[in-house]
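These notes concern the structure reproduced below.
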Number of protein chains: 2
Amino acid sequence: MPKISERGIRIPESPIRKFVPYAEEAKRKGKTVYHLNIGQPDIPTPEVALNAIRNTDLKVVEYSHSAGIESYRRKLAKYYQNLEIHVDHNDILITTGGSEAILFGMLSCFNPGEEVIISEPYYANYNGFSIAAGVEIKPVTASIQNGFALPPIEEFERLITPKTKGIIICNPNNPTGYLYSKEELLKLKEVITTYDLYLFSDEVYREFCYDGHSHFSAMHLEGVDEQIVMMDSVSKRYSSCGARIGALVTKNREIIHTALKFAQARLSPPSFGQIAAEAALETPPEYFKEVHQEYIERRNFMVNALNKMEGVVCPLPKGAFYTVTHLPVDDADKFSQWLLSDFEYNNATVMLAPASGFYATPGLGKQEVRIAYVLKIEKLEKAMKCLDEALKVYPGRTL
Amino acid sequence: MPKISERGIRIPESPIRKFVPYAEEAKRKGKTVYHLNIGQPDIPTPEVALNAIRNTDLKVVEYSHSAGIESYRRKLAKYYQNLEIHVDHNDILITTGGSEAILFGMLSCFNPGEEVIISEPYYANYNGFSIAAGVEIKPVTASIQNGFALPPIEEFERLITPKTKGIIICNPNNPTGYLYSKEELLKLKEVITTYDLYLFSDEVYREFCYDGHSHFSAMHLEGVDEQIVMMDSVSKRYSSCGARIGALVTKNREIIHTALKFAQARLSPPSFGQIAAEAALETPPEYFKEVHQEYIERRNFMVNALNKMEGVVCPLPKGAFYTVTHLPVDDADKFSQWLLSDFEYNNATVMLAPASGFYATPGLGKQEVRIAYVLKIEKLEKAMKCLDEALKVYPGRTL
């Protein structure tokens, strides 16, 4: 039998899915499992998007343009222009989710064997895309003590070699919820200018910024247009994860031209999803106000509840709907599994994503978990109570 | 400015899209352009599929399982079982179009630098996927004289090196319309057994077999379960190209396991498309009868019309809805462009796909074009008349 590809073997198991079999077993036994492990919001998709699908008069579900439906790209460009991101529809390639935007960005900008620097903990799926594209991720470590702020720029510089071709940020950050400031973006601008690098900016959580902080996009950086590639998605903005519509956005036409070749090979992004996404641009502002308010309440409740638990440290995230939290446990992997297989409180338990899988450096994140606050307050209350009780009795407690 | 990736530059321009700007210019000038260049059927999508979308009661458009909705995979397995393809839902990974199935297959089975053998002319988008995956395509040439039958097996063997890892076929074939026989499949089985290779079989045109010929799937080959990977799609079967739903099917669990890792990185296939595809499995048999009849009529008309033109040779395709046809011209690329920019008949012209882009060997296919019979007979008639007149006056005519 021929051997399968080695690169498949190199993809680490997803920290989000690692314990799914244990969760399934727990459910089979009748336990309620509160899913704080995955970024699947419970927020309804805007009616205007769903109605566009329900009212479709399509007769033939045809391929769209490989770069996406032009009317959608034109409207999306306006959405960006309203955010002071000055692009037109030719600077936008509609992709199958933000995922494909990352893959196309890597395939288009980096050669196999070239390196990118990413601040860890980082979105674990970057591993899959970088392995697919043959690109090496070099991590700089952000620390919980600094609330996962951008590591000192010298640490980026220390990693730069002739193979280094880019830096990837996710802003607001998944998994940490950290929102990069204008000052931090300006520091990154300096590095990419000095060392002639691309800056990939994954901004799918743009709408989720709290406490009056506004989002400073990498596309706002001046004089480095050709070096900035933005990844976007409708998944979180309109709670439309399953639509699989994202975008690769850049003023660098050579990148668009190259990415379009990969896009043409896969023919087109999903047509139904594009119909929903185009309609979603008409979502009324009240929708976002409500969602924003809901997440602030959830976050405040959760961060407060976590920090009240002895030995738990949870920085206040300024964006997205995640937090990476320190727990007083020997090994967050073991603890996460134990929660599902050995613990219950009022016949319920909690599913977390151990943070080790979000780090590239072995051994890091051992006492940290990512928690997604994607459940209603009533459920979050029960989940936090569960976690509190679990930490009291977990045999591997360190403090 | 950092350099873009060299691999993007290596992707040849799509032979289907090559002359799109000329077609647009022709339309601007008021010419009718008959599109025989692209495999976008005009057949209506089954109502049952569209209704499933129109009647959706989804509140949140969530991610599906990364391998696809389980109920869909279970029903799809039954569809295969009815074709004597004995798989269950665990042997199926739902992908974003057949395109992603090819990419995942390559990423999962082949290491960068490994080689696959493909009979040319072949589906040009294999170039994009193989370059993305770092896999080298080695072509064996099928000839129009033999109606594009499988080249002698010795020619495959001649190309085998220690780097050779697989053979890819498309059956029925795009671009030639050739339908591989059971005997040809058995020959391929021998080669993959002797040399320990994978056989990828792209069977998205399975339903389009004519003249009483039945489809012999690579999955019907016995004793080589672990070496067969089938790629499938709903695009052509249900005229649902824009749904972007395909499948990777194999009894080799190690491949499924590995492909699932790439699938998890991109989270899930499109939810709306899966809803349509699942419903499409209930399409009444009359739909297929009508479609089948329609394509037979189109094919018969077109092949007949082509062969009546002096110097034109068009083999009778037994499957799919394409033909690769010999034209008495100096250069089919020049001719295809000339048709759009310099020719008109009754204020109309024809868009063809020059076949050179379907060959890997430079210089081949120079007098061939791929023609897709995806238009109604009335339009095909006009298109064939146009082509006939064009060949009479084309300055680069060779015969």
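Quick one: which of A:ILE69, A:ILE92, A:ILE38 is touching a helix residue (DSSP H, G or I) at 6+ places or on another chain (Cβ under 8 Å) and either assigned by TED's automatic domain parsing to the domain that holds A:VAL324 or open to solvent by 30 Å² or more (accessible area, probe 1.4 Å) (or both)?
Answer to the selection: A:ILE69.
Take the residues in region B:347-378 that are open to solvent by 50 Å² or more (accessible area, probe 1.4 Å) and farther than 27 Å from B:GLY128 by Cα, then tell me which one is nearest to the chain's Cα centre (by Cα).
The extreme case among them is B:LYS376.
For region A:139-168, what are the residues that are assigned to a loop (DSSP other than H, G, I, E, B), without any contact (Cβ under 8 Å) to a residue 40 or more places away in the chain and more than 23 Å from the chain's Cα centre (by Cα)?
Result: A:PRO162, single match.
Output the residue which, of all residues in region B:56-71 that are of a type in the set (D, E, K, R) and assigned to a loop (DSSP other than H, G, I, E, B), is nearest to A:GLN40 (Cα to Cα). Don't jump to the end; show me each part of the working.
Filtering region B:56-71 for residues of a type in the set (D, E, K, R) gives B:57, B:59, B:62, B:70.
Now restrict to residues that are assigned to a loop (DSSP other than H, G, I, E, B): B:57, B:59, B:62.
Values: B:ASP57: 18, B:LYS59: 13, B:GLU62: 7 Å.
Ranking the candidates gives B:GLU62 first.
Which is crowded, with 24+ Cβ neighbours inside 10 Å, within 13 Å of B:PRO172 (Cα to Cα) and of a type in the set (A, V, I, L, M), of B:VAL229, B:VAL204, B:VAL249?
None of the others qualify; the one that does is B:VAL204.
Restricting to region A:45-60, name every residue that is open to solvent by less than 50 Å² (accessible area, probe 1.4 Å), within 30 Å of the chain's Cα centre (by Cα) and within 9 Å of another protein chain (Cβ to nearest Cβ).
If the condition is that a residue be open to solvent by less than 50 Å² (accessible area, probe 1.4 Å), within 30 Å of the chain's Cα centre (by Cα) and within 9 Å of another protein chain (Cβ to nearest Cβ), then A:THR45, A:ALA49, A:LEU50, A:ILE53 are the ones that fit.
Matching residues to (1) more than 8 Å from every other protein chain (Cβ to nearest Cβ); (2) within 25 Å of B:ALA133 (Cβ to Cβ); (3) out of contact with any His (no Cβ under 7 Å at 6 or more places or on another chain):
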| residue | (1), (2), (3) |
| --- | --- |
| A:ILE245 | yes, yes, yes |
| A:LEU248 | yes, yes, yes |
| A:GLU254 | no, yes, yes |
| A:LEU260 | yes, yes, yes |
| A:PHE272 | no, no, yes |
| A:ILE275 | yes, no, yes |
| A:LEU281 | yes, no, yes |
| A:PRO285 | yes, no, yes |
| A:PHE288 | yes, no, yes |
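Which of (1) among the aromatic types (Phe, Trp, Tyr); (2) more than 22 Å from the chain's Cα centre (by Cα); (3) under 18 Å from A:VAL204 (Cα atoms) does A:TYR238 not meet, given it meets every other one?
(2)
Among the residues of region B:2-26 satisfying the criterion of being touching a strand residue (DSSP E or B) at 6+ places or on another chain (Cβ under 8 Å) and closer than 29 Å to A:LYS251 by Cα, which is surrounded by the fewest Cβ atoms within 10 Å (Cβ to Cβ)?
The selected residue is B:PRO2.
Can you name the number of the only condition in (1) of a type in the set (D, E, K, R); (2) in the same structural domain as B:CYS109 (by TED's automatic domain parsing); (3) within 23 Å of B:SER217 (Cβ to Cβ) that B:LYS261 fails?
Condition not satisfied by B:LYS261: (3).
Of the conditions (1) open to solvent by 10 Å² or more (accessible area, probe 1.4 Å); (2) of a type outside the set (Val, Ile, Thr); (3) in contact (Cβ under 8 Å) with a residue 12 or more places away in the chain, A:ALA390 clears all except one; give me its number.
(1)
If B:SER108 satisfies every condition in (1) in contact with a strand residue (DSSP E or B) (Cβ under 8 Å, 6 or more places away or on another chain); (2) under 24 Å from B:PRO139 (Cβ atoms); (3) assigned to a helix (DSSP H, G or I) but one, which is the exception?
(1) is the only condition that B:SER108 fails.
Filter region B:264-277 for residues that are under 22 Å from the mean Cα position of the chain (by Cα) and assigned to a helix (DSSP H, G or I); which is surrounded by the fewest Cβ atoms within 10 Å (Cβ to Cβ)?
B:GLN274
Run down B:GLU344, B:GLU297, B:GLU310, B:GLU381 and say which single residue is surrounded by 17 or more Cβ atoms within 10 Å (Cβ to Cβ), in contact (Cβ under 8 Å) with a residue 24 or more places away in the chain and touching a helix residue (DSSP H, G or I) at 6+ places or on another chain (Cβ under 9 Å).
Every option except B:GLU344 fails the conditions.
What are the residue pairs meeting all of these: first residue in region A:18-39, first residue free of Cβ contacts under 8 Å to residues at least 24 places away in the same chain, second residue buried (at least 20 other Cβ atoms within 10 Å of the Cβ), Cβ atoms under 6 Å, and 6 or more apart or on different chains?
A:LYS27/A:VAL33
Within region B:100-128, track down each residue that is buried (at least 24 other Cβ atoms within 10 Å of the Cβ), closer than 23 Å to B:GLY365 by Cα and within 7 Å of another protein chain (Cβ to nearest Cβ).
Correct list: B:GLY128 only.
Mind listing just one residue for me: the one in region A:159-178 that is crowded, with 24+ Cβ neighbours inside 10 Å and β-branched (Val, Ile, Thr) and, of those, nearest to A:GLY357 (Cα to Cα)?
Within region A:159-178, the match that is nearest to A:GLY357 (Cα to Cα) is A:THR176.
The values are calculated or read from the model by the stated rules, or taken from the named source; none is laboratory data. Predicted, not measured: the structure shown is a model, and the values here were computed from it. Reconstructed Cβ throughout: ideal geometry from the backbone, glycine too, with neighbour counts over all protein chains shown. Note: areas computed on protein heavy atoms with side chains; ligands, DNA, RNA excluded. Shrake-Rupley method; radii C 1.70, N 1.55, O 1.52, S 1.80 Å.
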